[in-house]
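See structure below.
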Amino acid sequence: MIRRSFPTLIGAAGIALSGTAIGRTQADAPVVSVFAALRAQAPARIARLPLRVTGRVQRVSADGDAEYARQWPGTYFDTAFRNGPPLIRIGAGAATYRILLDDARSVVLVRPEPGFYRLTGVQHGTHRLRVQIVSESQAGATRFGGFYAQSGTVAARLVAERRQIEFIGDSHTVGYGNTAPNTACTQDEVWATTDTAQGPAGQLARRYGAGYQVNAISGRGVVRNYEGGAGATLPVAYRSALLTGVPQPVQRSWRPQVIVVALGTNDFSTPLRVGETWPDRAALHADYERTYLRFLRQLRAAHPQALVIVWATDLAQGEIAREAGRVVALAHAAGDRRIAFVPVRRLAFSACHGHPSVADDRLIADAIGRAIDARPDAWKTR
């Protein structure tokens, strides 16, 4: 919890000043100061700065002011400004926020209290500011309240990325525990070491200077979740703005040229249990192939020109990759020529609970990147 007697959240060396609100910063990063923490209303004489949202959100009202509820990982919010430092309004919910100034200098806030935060140490001039959620939020939605201009701060033109990539998957796409130093992790450690921005999605987006959306949930499969667990499978949950089943409105500004999909790890990484829907592995394979192919066709109908990359690891004695590859072959046979399969082999799986590490994520991104680069028309006009 933030102790209100402290004027700043992060010291010059990036040392946390209070319990669960932890700050980490690059050496040359601006400082983040607490401004009226827990205060419900915006301070007088300031106005909202325009912002762009990337990721699925629901616009909600808090104390008469608009906020954005989000639950899918990797959501981020951009603004641009000139002169004085802006205010950032953090809403309710446990999340890890990476605050990037000009895509270079960054500060990380872990579970900050709701309230207004000020960037300090920002030079006059025109700047781009991004607030990025890098943790997973299956337990519940979190909220972001936007950007505010103090006296002297004015909005600047915010240039949108021309390239867009969508990532669909499970924990490997989320970046589950990917910054952990070993495989033995508590659930709290998994949460704290998950960094979607350092996962394959964030790495590929930076490589191509692309905007990116991550629609992934740890533990979910195409027809079967991990160990046959409860919860909507990913193709079902994909329809929702949050993980509550509320339908996602059409996002007219979201038109990805590339869609990267990785599903099947949770369908096949554990044995079938007595009482599950499928009497044997062959029945599970048939259901997976049929449902995955239908899901890919739905993506194709929504994005007719997108390049779709399906990737899979060699876990489960190669069963995941064989089944995913077969689905892509079926899509090819049905006439889809803008889809490719990428097998990813020889990962170390040295992060939490045998998940890919950041180094593994780099290998995954490299393999997908080679498939994208092999298609000269990958980034053709949408």
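The values are calculated or read from the model by the stated rules, or taken from the named source; none is laboratory data. Quantities reported herein were computed from a predicted structural model and do not represent experimental measurements. Counting neighbours? That spans all protein chains shown, and the Cβs are built from the backbone with ideal geometry, glycine included. SASA here: full protein model, heavy atoms, side chains in, ligands and nucleic acids out. Shrake-Rupley method; radii C 1.70, N 1.55, O 1.52, S 1.80 Å.
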Return yes when Glu189 is touching a residue at least 60 places away in the same chain (Cβ under 8 Å), out of contact with any Pro (no Cβ under 7 Å at 6 or more places or on another chain) and surrounded by fewer than 19 Cβ atoms within 10 Å (Cβ to Cβ) and no when it is not. yes
From the list Ala104, Ala80, pick out the single residue that is free of Cβ contacts under 8 Å to residues at least 12 places away in the same chain and more than 30 Å from Gly229 (Cβ to Cβ). Ala104
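Quick grid of which residues meet (1) open to solvent by 10 Å² or more (accessible area, probe 1.4 Å); (2) in a loop (DSSP other than H, G, I, E, B); (3) out of contact with any helix residue (DSSP H, G or I) (no Cβ under 6 Å at 6 or more places or on another chain); (4) touching a residue at least 24 places away in the same chain (Cβ under 8 Å):
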| residue | (1), (2), (3), (4) |
| --- | --- |
| Val222 | no, yes, no, yes |
| Glu227 | yes, no, yes, yes |
| Ala232 | yes, yes, yes, no |
| Pro235 | yes, no, no, yes |
| Leu242 | yes, yes, yes, yes |
| Pro249 | yes, yes, yes, no |
| Asp267 | no, no, no, yes |
| Thr270 | yes, yes, no, yes |
Can you tell me which residue is most open to solvent (accessible area, probe 1.4 Å) among those in region 336-354 that are of a type in the set (Gly, Ala, Ser) and free of Cβ contacts under 8 Å to residues at least 60 places away in the same chain? Ala348
Is one or more of the residues making up region 167-182 farther than 16 Å from Tyr238 by Cβ, among the β-branched types (Val, Ile, Thr) and open to solvent by 10 Å² or more (accessible area, probe 1.4 Å)? yes
Among the residues of region 109-122, which ones are at pLDDT 90 or above, surrounded by fewer than 22 Cβ atoms within 10 Å (Cβ to Cβ) and in a strand (DSSP E or B)? Val110
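Conditions (1) open to solvent by 10 Å² or more (accessible area, probe 1.4 Å); (2) among the basic types (Lys, Arg); (3) assigned to a helix (DSSP H, G or I), marked per residue:
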residue: Trp278; (1), (2), (3): yes, no, no
residue: Arg294; (1), (2), (3): yes, yes, yes
residue: Ala301; (1), (2), (3): yes, no, yes
residue: Val308; (1), (2), (3): no, no, no
Ala333 versus (1) free of Cβ contacts under 8 Å to residues at least 40 places away in the same chain; (2) closer than 17 Å to Leu263 by Cβ; (3) open to solvent by 50 Å² or more (accessible area, probe 1.4 Å): which is the lone unmet condition? (2)
Selection over region 355-380 where residues are among the acidic types (Asp, Glu) and surrounded by 14 or more Cβ atoms within 10 Å (Cβ to Cβ) yields a count of 3
Given the structure, is Arg290 touching a residue at least 12 places away in the same chain (Cβ under 8 Å), over 17 Å from Arg56 (Cβ atoms), open to solvent by 20 Å² or more (accessible area, probe 1.4 Å) and in a helix (DSSP H, G or I)? no
If a residue must be surrounded by 16 or more Cβ atoms within 10 Å (Cβ to Cβ) and either over 18 Å from Asn266 (Cα atoms) or not charged (D, E, K, R) (or both), how many such residues does region 310-324 contain? 9
For residues in region 192-213 being open to solvent by 60 Å² or more (accessible area, probe 1.4 Å) and touching a helix residue (DSSP H, G or I) at 6+ places or on another chain (Cβ under 7 Å), which is farthest from Ala351 (Cα to Cα)? Arg207
Can you say whether Gly140 is open to solvent by 10 Å² or more (accessible area, probe 1.4 Å) and in contact (Cβ under 8 Å) with a residue 40 or more places away in the chain, as far as the supplied structure shows? yes
Positions within region 143-161 being under 28 Å from Gln213 (Cβ atoms), of a type outside the set (Gly, Ala, Ser) and open to solvent by 30 Å² or more (accessible area, probe 1.4 Å), in sequence order: Arg143, Arg157, Leu158, Val159, Glu161
